[in-house]
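We did not get these values from a lab; they are worked out from the coordinates using the rules stated. These numbers were taken from a predicted model, which means no experiment stands behind them. Every residue, glycine as well, gets a Cβ built from its backbone with ideal geometry; the counts of neighbours run over all protein chains shown.
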Amino acid sequence: MSTNLFSRNGVAYLAPMAGVSDKVFRGICVKMGCALTYTEMISAKGLYYKSGLTHKLLEISPIEEPAAVQIFGSEPEIIAYAIKNICEDLSTQLAIIDINMGCPAPKIVKNGDGSALMKDVPLAAKIIEAAVKASSVPVTVKFRKGWDENSVNALQFAQMAQESGAAAVAVHGRTRDQFYSGKADWDIIAEVKSKINIPVIGNGDIFDAYTAKNMLEYTKCDAVMVGRGAQGNPFIFREINALLSAEQVELPDVKERIDTALFHAKELCECMGEKYAIVYMRKHIAWYTKGIEGAAKLRALINTANSLSELNKILSTLI
Ligand SMILES: Cc1cc2nc3c(=O)[nH]c(=O)nc-3n(C[C@H](O)[C@H](O)[C@H](O)COP(=O)(O)O)c2cc1C
């Protein structure tokens, strides 16, 4: 439990999740013991063309410093430009720059970005080399098992990343074709770990402290990255740390879950504005309250709430 690859002590990281891992949520995860948070993927092109909305995604809250910024793109010069600027702007707030080479979304891969780069290893190498040259912090790469079952190349890809100067790799054990379905292949993570020298961050299907421990033991990876298992459940980091330290695993009670959901909503209202934050929070509230007695019946009410005080009133009835 003393591993400290890039940030605070600990081996459990929060995965980058577009539309989910906002800075308030990331801060809550850190309070719960998360060792490293990632921004959601940020378009290098958007930064290059100075899009205000894209730039906003770079905000890092003091509690999560230093954090990882994840970018995506497929033009080495634009990636290098974006990284230089991020390093200058964020300075000591930045732990690492991570390059997304795993996103399966059609709108991303059709531009040759995300997991499309797994089909163009030479271009991926050029991107990593340009990124490393431009960056003042370590550069890491997140990718998948391969494009599809007929073109599994995570090992070759990891070796390429290492040779190109990456400081670590994060491997999601699914192919692009699988999107998020099926089971993540932990054997591929173990294979990558056994054959490269830079740290490997294992990712896929960690839904509680026990699966995190299992992945660490099974794959021998250096750290684990939790995605969907942290949705509405930032407590997972406290649980993972407790289990790995052989301490009692403390599960949150209903009050802690509701209080955390309301804290998340309140803080977001402050940084995004109440109108937008309340709508954005609907999915988070559904996750925070999943399985709580009476919550399903309140869902329609929650989804029509327009203010923080309304949300407060509705959620308080669950405690
Ligand atoms: C809603 C959502 C958004 C995601 N956005 C990103 C992203 O911005 N960058 C990225 O590298 N992966 C993204 N992912 C993939 C996750 O980081 C992770 O690799 C994947 O969910 C598998 O981990 P899990 O089984 O713990 O969820 C996203 C996943 C989800 C569910």
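For labels at Asp259 and Arg8 in the simple 7 Å Cα→Cβ model, what's the distance in nm?
In this crude label model, Asp259 to Arg8 measures out at 1.8 nm.
Among Leu53, Leu94, Leu117, which one shows the highest mean-square fluctuation when the chain is modelled as a Gaussian network with alpha-carbon springs under 10 Å?
Of the options given, Leu53 has the highest mean-square fluctuation.
Which cysteines in the chain lack any other cysteine whose Cβ sits under 4.7 Å from their own Cβ?
Cys87, Cys103, Cys221, Cys269, Cys271
How far is the Cα center of region 108-174 from the Cα center of region 234-256, in Å?
If you average the Cα positions of each part, the centres end up 33 Å apart.
Beta carbons within 10 angstrom, averaged per residue: use that to sort the peptides 43-49, 22-28, 180-186, highest first.
In descending order of packing, they fall as 22-28, 43-49, 180-186.
Output the 0 to 90 degree angle, nearest 10, between the alpha-carbon long axis of helix 186-195 and the longest principal axis computed from the alpha carbons of the chain.
Roughly 40 degrees between the two axes.
Spelling out what I want: for every residue of region 42-51, take phi, set θ = phi - 60°, compute 6.51 cos²θ - 1.76 cosθ + 1.60 (Karplus), and round to whole Hz; glycine and proline get x.
Each residue's phi maps through the Karplus curve to give 10, 5, 4, 5, x, 6, 4, 8, 6, 5 Hz.
What distance in nm separates the simple spin-label points at Cys87 and Lys31, each placed 7 Å from Cα in the Cβ direction?
Between Cys87 and Lys31, the simple spin-label model gives 3.4 nm.
Where both partners of a DSSP beta bridge lie in the chain, what percent of those bridges are antiparallel, to the nearest 5?
5
Along region 314-319, what does the Karplus equation 6.51 cos²θ - 1.76 cosθ + 1.60 (θ = phi - 60°) give for ³J(HN,Hα), rounded to whole Hz, x for Gly and Pro?
Values per residue, Gly and Pro as x: 5, 5, 4, 5, 7, 7 Hz.
To the nearest 20 Debye, how big is the dipole of region 254-316 about its Cα centre, given +1 on the beta carbon of each Lys and Arg and -1 on that of each Asp and Glu?
Dipole about the Cα centre, nearest 20: 280 debye.
Angle check, please: helix 121-134 long axis (alpha carbons) against the longest principal axis of the chain (alpha carbons), in degrees 0 to 90, nearest 10.
Approximately 80 degrees, to the nearest 10.
Which order do peptides 76-86, 296-306 fall in by mean Cβ count within 10 Å, highest first?
In descending order of packing, they fall as 76-86, 296-306.
Treat every Asp and Glu Cβ in the chain as -1 and every Lys and Arg Cβ as +1, leave all other atoms uncharged, and give the resulting dipole magnitude about the Cα centre to the nearest 20 debye.
600
Which far-off residues, 5 or more places away or on another chain, put their amide H under 5 Å from the one on Asp98, with H placed in the peptide plane?
Val69, Gln70, Ile71, Thr140
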